[in-house]
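Trainee: Submitted below is the structure of interest, expressed as structure tokens.
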């Protein structure tokens, strides 16, 4: 079962955390060494916090076992009111949301679902950019999208998808500047979807597209098109 859920942390003192998602994962890493297929995203929020202010993080995992390990640690912190260190700053866990957030959902990748739409629209909810070698690109191009999505899928699931199975049409894109970087937002259509590509479309809803998705970039919404 693929999982997406939200955890709310509360700052216990004024301070600055440059990359909250990265620092949260660093705190959890000793317990996750034997696992793969999980992320923590920071929703692109500001990095300077006052005492009492909340930090929202979205977690994704490709197995319920990993979700259980992460939540066991965080729930123990929550019920004992034990702070966790995020970039050497104390935070309390105030809420673990498994079902009420728009980012809290599941997907059973083992189910035989043959009723999906053969065409879907992918909309970027947050700006994205792509890394190609030593260069950064802020554009939606079919070849770039196919390469990025299939590479991420293989990295996290170990499964390769034939790139020729993807037919993508970019219908809208525009440049934006976020955190001093040029990025892109927009929409694209994926056509002639079979079972493998359907799972890939579900996967990107959990892991996003592009570079540095763990910081909240490249979050997407996928909708079937009649």
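Trainee: Quick one: which strands (runs of 3 or more DSSP E) sit completely within segment 1-115 and have at least 1 residues that are farther than 25 Å from residue 220 by Cβ?
Mentor: Numbers: elements: 2-11, 38-41, 54-61, 84-86, 89-97, 105-107.
Correct list: 2-11, 84-86, 89-97.
Trainee: Surrounded by fewer than 15 Cβ atoms within 10 Å (Cβ to Cβ) and in contact with a helix residue (DSSP H, G or I) (Cβ under 7 Å, 6 or more places away or on another chain): does that describe residue 160? Give the steps one after another, and end with the answer.
Mentor: Numbers: surrounded by fewer than 15 Cβ atoms within 10 Å (Cβ to Cβ): yes; in contact with a helix residue (DSSP H, G or I) (Cβ under 7 Å, 6 or more places away or on another chain): yes.
Taking the combined requirement at face value, the residue satisfies it.
Trainee: Could you check how many residues of segment 140-176 are out of contact with any strand residue (DSSP E or B) (no Cβ under 7 Å at 6 or more places or on another chain) and not in a loop (DSSP other than H, G, I, E, B)?
Mentor: Number of matching residues: 14.
Trainee: Do we have any residue at all in segment 90-99 that's within 26 Å of residue 29 (Cα to Cα), out of contact with any strand residue (DSSP E or B) (no Cβ under 7 Å at 6 or more places or on another chain), loosely packed, with under 11 Cβ neighbours inside 10 Å and outside the structural domain of residue 191 (by TED's automatic domain parsing)?
Mentor: Let us first name the residues in segment 90-99 that are within 26 Å of residue 29 (Cα to Cα), namely 90-99.
After this cut, where a residue has to be out of contact with any strand residue (DSSP E or B) (no Cβ under 7 Å at 6 or more places or on another chain) as well, the list is 90, 99.
Those still in the list that are loosely packed, with under 11 Cβ neighbours inside 10 Å too: 99.
Restricting the remaining residues to those that are outside the structural domain of residue 191 (by TED's automatic domain parsing) gives 99.
Checked segment 90-99: at least one residue is within 26 Å of residue 29 (Cα to Cα), out of contact with any strand residue (DSSP E or B) (no Cβ under 7 Å at 6 or more places or on another chain), loosely packed, with under 11 Cβ neighbours inside 10 Å and outside the structural domain of residue 191 (by TED's automatic domain parsing).
Trainee: When you look at residue 122, is it free of Cβ contacts under 8 Å to residues at least 60 places away in the same chain, surrounded by 12 or more Cβ atoms within 10 Å (Cβ to Cβ) and not in a helix (DSSP H, G or I), yes or no?
Mentor: Numbers: free of Cβ contacts under 8 Å to residues at least 60 places away in the same chain: no; surrounded by 12 or more Cβ atoms within 10 Å (Cβ to Cβ): yes; not in a helix (DSSP H, G or I): yes.
For residue 122, the condition - free of Cβ contacts under 8 Å to residues at least 60 places away in the same chain, surrounded by 12 or more Cβ atoms within 10 Å (Cβ to Cβ) and not in a helix (DSSP H, G or I) - is not met.
Trainee: Okay, next question. What's the total number of residues in segment 190-223 that are surrounded by 15 or more Cβ atoms within 10 Å (Cβ to Cβ) and in a strand (DSSP E or B)?
Mentor: 3
Trainee: Of these, 49, 91, 59, which one is touching a residue at least 12 places away in the same chain (Cβ under 8 Å) and touching a helix residue (DSSP H, G or I) at 6+ places or on another chain (Cβ under 7 Å)? Walk me through how you get there before you give the answer.
Mentor: On the way: 49 fails: touching a helix residue (DSSP H, G or I) at 6+ places or on another chain (Cβ under 7 Å); 91 fails: touching a helix residue (DSSP H, G or I) at 6+ places or on another chain (Cβ under 7 Å).
Just a single option satisfies the conditions, and that option is 59.
The values are calculated or read from the model by the stated rules, or taken from the named source; none is laboratory data. For clarity, every value in this text was computed on a predicted model and none was experimentally measured. So basically every Cβ, Gly included, is an ideal-geometry build from the backbone, and we count neighbours across all protein chains shown.
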